[in-house]
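The values are calculated or read from the model by the stated rules, or taken from the named source; none is laboratory data. Computed from a predicted structure; not experimentally measured. Quick reminder, even Gly has a Cβ in these numbers, built from the backbone with ideal geometry, and neighbours come from all protein chains shown.
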Amino acid sequence: MLRQLEGSRAVAETVARCRPAVVAAYPISPQTHIVEALADLVTAGELASCEYLMVESEFGAMSACIGASAAGARAYTASASQGLLFMAEALPNASGLSLPIVMTVANRALGAPINIWNDHSDALSQRDAGWVQLFAASNQEAVDLHVQAFALAERLSLPVMVNMDGFVLTHAMEEVDVPEQDDVDAFLPPFQPRQWLDPDDPVTIGAMVGPGAFTEVKYLMADRQIRALDTVTEVAAEFRAAFGRDSGGLVRPYRTDDAEVVLVAMGSTLGSATDVVDDLRAEGVAVGLLGIGCYRPWPYDEVRAVLGGVPRVVVVNRAIAVGAGSVLGRDVRLSLPGGTTVVHDVVLGLGGRPVTRAGLRELVLDVLAGQVPDETLHFADLDREAVHRELAREAALEEAAR
Amino acid sequence: MTTTLYQIGTFAAGNRLLAPEQRAVQSSTERGNAITSGHRACRGCGEALAARVVLDAASRASSGRMVTVNATGCLEVFSTPYPESAWQVPWLHSLFGNAAAVASGVSAALRATGRDDIRVVAQAGDGGTVDIGMGCLSGMFERNDDVLFVCYDNQGYMNTGVQRSGATPPAASTATTRPVGTSVGNAFGTGKSLPLIAMAHEIPYVATATVADLHDLEAKVVTAMSMHGARYIHVLVPCPLGWGSASAETIRVARLAVQSGLFPVFEAREGAVTAAMTIRAQVPVEDYLRPQTRFDHLFRGDGRPDVVAALQERADRNIARFGLLAEQPDNPPDGRPQDPAPLEKETP
Amino acid sequence: MTLDVRIHGRGGQGVVTAAELLSLAAFDQGLHAQALPSFGSERTGAPVVAFCRIDEQPIRAHDPVDAPDLVVVQDPTLLHDADVLLGLAEDGLVIVNSSRSVAELETAGLRLGPGQRALTVPATDLAREHLGRAMPNTALLGAVAAATGVVSLHAVRRAIAERFDSRGRLLVAANLRLAEDAHDMVIATQEAHGAETA
């Protein structure tokens, strides 16, 4: 049933219908409405037999999820930004121990300077943590991805992160169909852990592994991540069959046939970009869009299949790799070895600066007009005057010091 | 007139003289074995001994329905060199600073899934307890999560090569507090008593113990396991490697720590001390310091009697604070219900 | 038919709630709607902006409303900020919470384009009367229903009832009367004078 709901509320209700046995969380903007709503649902008894641990830190939250999952319980948490970094030590631990924890990340910038608004630098900083990373384009998809995430996590015995843009999605109220309890139950069987801390059959989990076997363990982890690509596709197909909605999956190409230029983006930007593509197509501009739904594992083949013959690709980066360039853009480039495709690595929408339809439209037209470089990172929404002023001031100070 | 009989100063020696129900778990050949022989601990390791006693007692108290969570540290490293494991109980190691939170998660999971007959014991060294693990531990205490947390305190980061921790005593020489120049070793700070911090949370049960009195340690574990909520036991475990004591002296050094007053052994419930183990024959702190090379610099050449005096002052403060010396009328007679009666012998 | 709305107010005036209520009302009428807050940290009194999009087609974009058809100003002291009317459509409408007339506001500096209209509603006064406190948002929604016709008073009432359900019957009833009063006041003004134009 369609309802007009805030994204956080919709996600909380969905998570509750996935019946986690343990929720452990620590509040941080813009994740707060999710954990508040879950606390309400637990208190009201709508989420039966769930233990809600209000822990002392995000590190504690992820650690409690690790303990809960190893004890054979479905575990969930949510975080963002500095909170995600505060649990950073525990993230590869959860994946290394193969624990199917599901976490929502309400994507937010990393400080300093402190900034509570949306970009993707938090999640992308944990690119190599061994978590499956999914990105939601809308609140409907955020809801659907959570149902898929628990199924994925438990099928793969891997932790899954569902990314949704902070404020832009978490605090947006729009129409959402929260899957019914019976349908979720039919889609998501009760959690059957591969192993748990069973006193009748004791196991040692988390042993020290030396040089003699460490590489092999890591190889198997990497291999399982790559195999997860198939599972992501499978689960999305099963979800479509069960709920009649296209959500999730690895990539989402939109009007890319014969495109002169294709935008590549993740998260809530996709909706606005879709509008821009339609408008420009109506004006005769051959533009398309590739949405990345699954960022880790990275869908090399699917990205190559879409972008391979495209003359120009514009990657919308909502995080930067300081001192190196882009994060998402590098993955796109690595998917296009030896081809003729020109990749424009563009930075847009850092720290809550809105990614507008007007801005995306201008970007596409600038690229087609040859006004956007393809060798260096291009900051498309930069106040150039402000940075030039500051650079000049620094240069003057250096000059004076000489 | 009566005198207390003790052969080596521990009730363990008198096991054969005790009624069977008063005997230590460890005295039985039938005892379980949470951690088997063959692990890689150093000879004379106090932590290995304490962990076996604690987990065997906890396992027996829970009829084997028990899960163990372990912080990173010596105990984790020497017990689980992949593909071997010394653990005969379900055992989970995650990280250094999160054992308390992991245990809280395990406990919550068992409750949520209707398996709360299974008890949870978390264990960590002093680093994983008083330093890097303190945030999570305080949270576990404050929420009164159903976990027994045991700290094996060897007063430093021994696993990484004997660096100073927040539990390292003043004047101790460690790899990061060498007594060079005018330094006397580890600086005299204010100290950090995790048992007192635990008591400030008013959790149901806090106790301290040492490997010098295994029967006492066992009894405290049994007491803790008879209760629910957050419980904390802090066990002093000498480390021959880090303390520079002879590996055969582990028990004696631990006993001297108690007898000097430097390590008060007591129990507390809901924030109030309910029993303290009185010192039967007080020794000057010097007797405790001398067998340990980490304090050598205090006795070399002219020595540092001023520093030894400052340490004696700390011991005296403990003795006064916990009433460790005099007969203690304030101590409830049933303060340690699991303790055997002191062995007494009529002297002619 | 689309209606892009931007609401200006101050922290504590229910600006975000107003955008959400408007989206609920539109949804209730079978339209597609999206309410987006432009959040800062939670500070009472700080300027706050929220957006609401209403459309017959499903809404895909999530960018802020930069060319509103309607601007609602919950706190008239914000009119001094030039950004309040930024991007307002050439035939756009401004609804201001004020007990003064539009002519008085224009004398005081409100500058409208040739096709743009404004109307004022004494929402704070009405709120004091009905709620006993200065919470002008539901009154302004009644005015929005009257002035635009995109959402009906009925839908606004249903949105209020749904949203404030957990806060008690008295509060719901008071807000319903408040929205209705403001609605009727705007209708009466429009009937008496025709729409105010600049």
Are any of the residues in region C:8-27 buried (at least 22 other Cβ atoms within 10 Å of the Cβ), in a strand (DSSP E or B) and not small (Gly, Ala, Ser)?
yes
Filtered residues of region A:66-80 (kept if facing chain B (nearest Cβ under 7 Å) and either touching a residue at least 60 places away in the same chain (Cβ under 8 Å) or closer than 12 Å to A:TYR26 by Cα (or both))
A:ALA70, A:ALA71, A:GLY72, A:ALA73
Yes/no for A:ALA401 being more than 26 Å from A:VAL287 (Cβ to Cβ) and surrounded by 10 or more Cβ atoms within 10 Å (Cβ to Cβ):
no
Looking at region B:276-309 only, could you name the residues that are outside any helix (DSSP H, G or I), touching a residue at least 40 places away in the same chain (Cβ under 8 Å) and of a type outside the set (Gly, Ala, Ser)?
B:MET277, B:THR278, B:ILE279, B:ARG280, B:GLN282, B:PRO291, B:GLN292, B:ARG304
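For every residue, the table says whether it meets (1) surrounded by fewer than 22 Cβ atoms within 10 Å (Cβ to Cβ); (2) under 16 Å from C:GLU20 (Cβ atoms).
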| position | (1), (2) |
| --- | --- |
| C:ALA146 | no, no |
| C:VAL151 | no, yes |
| C:VAL156 | no, yes |
| C:ILE160 | no, yes |
| C:ARG167 | yes, yes |
| C:LEU170 | yes, no |
Name the single residue, out of those in region A:226-260 being of a type in the set (D, E, K, R) and closer than 30 Å to A:LEU368 by Cα, that is surrounded by the most Cβ atoms within 10 Å (Cβ to Cβ).
A:ARG252
Name the single residue, out of those in region A:190-219 being at the interface with chain B (Cβ under 10 Å from one of its Cβ atoms) and among the aromatic types (Phe, Trp, Tyr), that is surrounded by the fewest Cβ atoms within 10 Å (Cβ to Cβ).
A:PHE214
Would you be able to say whether some residue in region C:33-46 is away from chain A (no Cβ under 12 Å) and either within 15 Å of C:VAL151 (Cα to Cα) or not small (Gly, Ala, Ser) (or both)?
yes
Does B:GLU218 meet the test of being surrounded by fewer than 17 Cβ atoms within 10 Å (Cβ to Cβ) and not aromatic (Phe, Trp, Tyr)?
no
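Does region C:13-32 hold any residues that are more than 15 Å from the chain's Cα centre (by Cα) and of a type outside the set (S, T, N, Q), and which are they?
Across region C:13-32, the qualifying residues are C:PHE27, C:ASP28, C:GLY30, C:LEU31, C:HIS32.
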Among A:ALA68, A:ALA44, A:ALA39, A:ALA64, which is the only one that is more than 21 Å from the chain's Cα centre (by Cα) and either farther than 19 Å from B:GLY105 by Cβ or basic (Lys, Arg) (or both)?
A:ALA44
Of the residues B:ALA99, B:ALA124, B:ALA58, which is buried (at least 24 other Cβ atoms within 10 Å of the Cβ), within 22 Å of B:ILE197 (Cα to Cα) and more than 10 Å from every other protein chain (Cβ to nearest Cβ)?
B:ALA124
What about B:VAL54, is it assigned to a helix (DSSP H, G or I), farther than 20 Å from A:ASN93 by Cα and at pLDDT 95 or above?
yes
Of all residues making up region A:81-100, the number that are within 9 Å of A:GLU58 (Cβ to Cβ) and either at the interface with another protein chain (Cβ under 10 Å from one of its Cβ atoms) or buried (at least 24 other Cβ atoms within 10 Å of the Cβ) (or both)
4
Taking B:PHE149 as meeting all but one of (1) within 14 Å of another protein chain (Cβ to nearest Cβ); (2) surrounded by 24 or more Cβ atoms within 10 Å (Cβ to Cβ); (3) in contact with an Asp or Glu (Cβ under 7 Å, 6 or more places away or on another chain), write down the number of the exception.
(3)
Test result for A:LEU377, touching a Ser or Thr at 6+ places or on another chain (Cβ under 8 Å) and either surrounded by fewer than 21 Cβ atoms within 10 Å (Cβ to Cβ) or among the aromatic types (Phe, Trp, Tyr) (or both)
yes
Between A:LEU110, A:LEU152, which is away from chain C (no Cβ under 13 Å) and not in a loop (DSSP other than H, G, I, E, B)?
A:LEU152
How many residues are farther than 15 Å from A:GLY271 by Cβ and of a type outside the set (A, V, I, L, M, F, W, C) when one looks only at region A:128-143?
3
Select, from A:VAL105, A:VAL160, the only residue that is closer than 16 Å to A:SER69 by Cα and more than 14 Å from chain B (Cβ to nearest Cβ).
A:VAL160
Go through (1) surrounded by fewer than 24 Cβ atoms within 10 Å (Cβ to Cβ); (2) of a type outside the set (A, V, I, L, M, F, W, C); (3) within 14 Å of chain B (Cβ to nearest Cβ) and name the single condition A:THR32 misses.
(3)
Is there a residue in region A:7-27 that is surrounded by fewer than 20 Cβ atoms within 10 Å (Cβ to Cβ), under 21 Å from A:SER125 (Cβ atoms), touching a residue at least 24 places away in the same chain (Cβ under 8 Å) and more than 10 Å from every other protein chain (Cβ to nearest Cβ)?
no
Scan region B:68-82 and give yes if some residue there is within 17 Å of the chain's Cα centre (by Cα), more than 8 Å from chain A (Cβ to nearest Cβ), of a type in the set (A, V, I, L, M) and buried (at least 16 other Cβ atoms within 10 Å of the Cβ), otherwise no.
yes
So A:ASP182, is it more than 11 Å from every other protein chain (Cβ to nearest Cβ), within 25 Å of the chain's Cα centre (by Cα), within 30 Å of A:ARG3 (Cβ to Cβ) and not polar (S, T, N, Q)
no
May I ask you to say which residue of A:THR269, A:THR256 is within 13 Å of another protein chain (Cβ to nearest Cβ) and in contact with a strand residue (DSSP E or B) (Cβ under 7 Å, 6 or more places away or on another chain)?
A:THR269
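So which of B:ASP116, B:ASP131 is more than 8 Å from every other protein chain (Cβ to nearest Cβ), surrounded by fewer than 24 Cβ atoms within 10 Å (Cβ to Cβ) and either at pLDDT below 95 or on the phi > 0 side of the Ramachandran plot (or both)?
Every option except B:ASP116 fails the conditions.
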Restricting to region B:20-61, what's the tally of residues that are within 17 Å of B:PRO81 (Cα to Cα) and in contact with an Asp or Glu (Cβ under 6 Å, 6 or more places away or on another chain)?
1
Residue satisfying condition, being within 20 Å of C:GLY14 (Cα to Cα), surrounded by 22 or more Cβ atoms within 10 Å (Cβ to Cβ) and out of contact with any Lys or Arg (no Cβ under 8 Å at 6 or more places or on another chain), within set C:ALA118, C:ALA127, C:ALA139
C:ALA139
What residue, among those in region A:333-360 that are small (Gly, Ala, Ser) and part of a loop (DSSP other than H, G, I, E, B), is farthest from A:ASP301 (Cα to Cα)?
A:GLY349
